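Structure, as C-alpha cells:
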Amino acid sequence: MDRLRTQALGCIRVNSSTPLDVLDALATTRSIRRYTDAPVELDDLRSILWHAGRAPSGSNRQPFRFLVLRDGPDARRAKSLMGEAFRRGWNTKRAHDGYRPGRFAASMQRYVDRFETIPVVILVCLDRYREPNPMEGASVYPACQNLLLAARAHGYGGALTMWHLGVEDELRELLDIPDHVALSACITLGVPEGNHGPLRRRPLNEIVYDDRWGAPADWVDGPADPSQ
C-alpha cells in the first residue's frame, strides 16, 4: 500500500524511506564527478537499473543494455583503459576549449585522475536490430536519464560521458561486446562528495522559441521554477 501511495503521489522512493518528488529530482539532479570511497549497495544498484529499464523506447523494443563494471578482474582492466582515455579526453578538451584554472577544471581533473577508483561504471549499450541511424538515440538516452534520476533518488550521483569511445575497440575485445552493439554512453556512479542542486541553468526565455526559430516566447516569463 505504501509503495502504491508513493507511485500515486508521483514520488521516487529514496532508500525505501524518504520520498523525493519527481519535479524536485528533475530540478536538482546534476552531474556528480566527485565520489567517496563508499560502495554502491547492490540492492540500490539493482533498483537503479530496474528504474532505468522502465524508460520508453521505439516500438517498445527496449534495446538498451547495461554493462556494469564494479570490481571484477575485467572491470578493473576496463576501468584502467578508460582512465587513460578520460585523461586524454580531458587534456584535449581543456586545451582546445580554453578552460582556465577554477572549480570546474579542478573537479574534472580529479575525476579523470581517480577514474579507476570510481565504484561503478556502466556502459549503456544499444543492441541494434537494424543499421545505425540518427534516430536510434531515442531508444537509449531516455534510459540514461532514468538511471541518473534513480541514482539521485537513492542518494548517489552520476555523470554521463562519452570518452570511453577513445578505447572502444579495446573495450569490445576485453568485454566481448559484439560489433552490432553500440557503446552509446558511459555513466559513472558513486556516493557524492557534496550535494545535488540547486542548478545554474539558462532562463527559459533563452532556450524556448514560440511558433518559429528565434521568436520569443513571452509566456515563459514568470517564476524561475514554474511549479512554485
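Condition check ((1) more than 26 Å from LYS93 (Cα to Cα); (2) at pLDDT below 95) across all residues:
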{"residue": "ASP169", "(1), (2)": "no, no"}
{"residue": "ASP179", "(1), (2)": "yes, no"}
{"residue": "LEU183", "(1), (2)": "no, no"}
{"residue": "ARG201", "(1), (2)": "no, yes"}
{"residue": "LEU204", "(1), (2)": "yes, yes"}
{"residue": "SER227", "(1), (2)": "yes, yes"}
Q. Pairs under 7 Å by beta carbon, first residue aromatic (Phe, Trp, Tyr) in region 118-133, partner surrounded by fewer than 22 Cβ atoms within 10 Å (Cβ to Cβ) and at pLDDT 95 or above, six or more apart or different chains?
A. TYR129/PRO63
Q | Qualifying positions in region 109-128 - crowded, with 20+ Cβ neighbours inside 10 Å and in a helix (DSSP H, G or I) | A | TYR111, VAL112, PHE115
(Q) I need the full set of residues from region 80-108 which are in contact with a Cys (Cβ under 8 Å, 6 or more places away or on another chain) and not in a helix (DSSP H, G or I), in order please. (A) none
Q: Residue by residue through region 140-164, note down the ones that are among the hydroxyl-bearing types (Ser, Thr, Tyr) and surrounded by 23 or more Cβ atoms within 10 Å (Cβ to Cβ).
A: TYR156
Q | Subset tally (residues that are within 29 Å of TYR129 (Cβ to Cβ) and surrounded by fewer than 18 Cβ atoms within 10 Å (Cβ to Cβ)) for region 178-206 | A | 4
Q) How many residues are surrounded by fewer than 17 Cβ atoms within 10 Å (Cβ to Cβ) and in contact with a Lys or Arg (Cβ under 9 Å, 6 or more places away or on another chain) when one looks only at region 77-92? A) 0
**Q.** Counted residues, region 129-149 - those being under 19 Å from ARG46 (Cα atoms) and either touching an Asp or Glu at 6+ places or on another chain (Cβ under 9 Å) or part of a strand (DSSP E or B) (or both)
**A.** 0
Q: Being over 24 Å from ARG77 (Cβ atoms) and not in a loop (DSSP other than H, G, I, E, B) is the filter here, so list the residues in region 161-215 that pass it.
A: PRO192, LEU204, ASN205, GLU206, ILE207, TYR209
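The values are calculated or read from the model by the stated rules, or taken from the named source; none is laboratory data. Source: prediction; values computed, not measured. Cβ coordinates were reconstructed from backbone atoms using ideal geometry, including for glycine residues, and neighbour counts include every protein chain displayed.
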